[in-house]
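So the structure is just underneath, and the comments pick up after that.
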């Protein structure tokens, strides 16, 4: 099982995001539970980012919305960095 952490930036962004998209909170709970169990679960569509976000990964919340994160496999830690639309996050 992985430890899930959230940056202060993520907490602020998530509060605004869920105020605008309360319907996605239940989906987010499912995604975070999958991240705790296995960040490589196929439904998460975990993928590495390139360019200015190199070193980060993203998972799919929905087709339009993503969660960016840092995945530290050796320490079994997942750090949530940002949440938002594809264009906002990237």
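Going 7 Å from the Cα of residue 43 toward and past its Cβ, which residues in the range 49-90 have a backbone nitrogen under 17 Å from where you end up?
Zone members listed by number: 59-67.
In nm², what is the average projected area of the convex hull enclosing the Cα atoms of the range 3-85?
Details: hull surface 21.0 nm².
Value for the range 3-85: 5.3 nm².
Pulled fully out, how much extra length does the chain show between residue 1 and residue 25, if you take 0.36 nm times their separation in residues and subtract their Cα-Cα distance? Intermediate results must be reported in sequence, preceding the final value.
Numbers: separation 24, 0.36 × 24 = 8.64 nm, distance 2.19 nm.
Stretched fully, the residue 1-residue 25 segment lengthens by 6.5 nm.
Under the classification rounded if a/c is under 1.5, otherwise prolate if a/b is larger than b/c and oblate if not, where does the range 10-51 fall, given a ≥ b ≥ c as square roots of the Cα gyration tensor eigenvalues?
On the way: a/c = 2.37, a/b = 1.41, b/c = 1.68.
Here the range 10-51 falls in the oblate category.
From Cα pairs below 8 angstrom and at least 6 apart in sequence, can you work out the relative contact order of the chain, rounded to a whole percent? Don't skip to the answer; put the middle values down first.
Working: 138 pairs, mean separation 29.7, N = 90.
Taking the mean separation of contacting Cα pairs over the length of the chain, I get 33 percent.
Over the chain, with a Gaussian network built from C-alpha contacts below 10 Å, which listed residue (20, 11, 37) shows the highest mean-square fluctuation?
20
Based on DSSP H runs of at least 4 residues, each adding -39500 (n - 2.57), what is the mean residue ellipticity at 222 nm of the chain after dividing by all its residues, to the nearest 500 deg cm²/dmol?
Taken over the chain, the calculation gives -10000 deg cm²/dmol.
Subtract the Cα-Cα distance of residue 77 and residue 53 from 0.36 nm times their separation in residues, and report this length gain in nm to one decimal.
In short, 6.8 nm is gained.
Bear in mind that the values in this text are calculations on the coordinates, not laboratory data. Model, not experiment: these values are computed from the prediction. Positions of Cβ are generated from backbone atoms using ideal geometry, with glycine treated the same way; all protein chains shown enter the neighbour counts.
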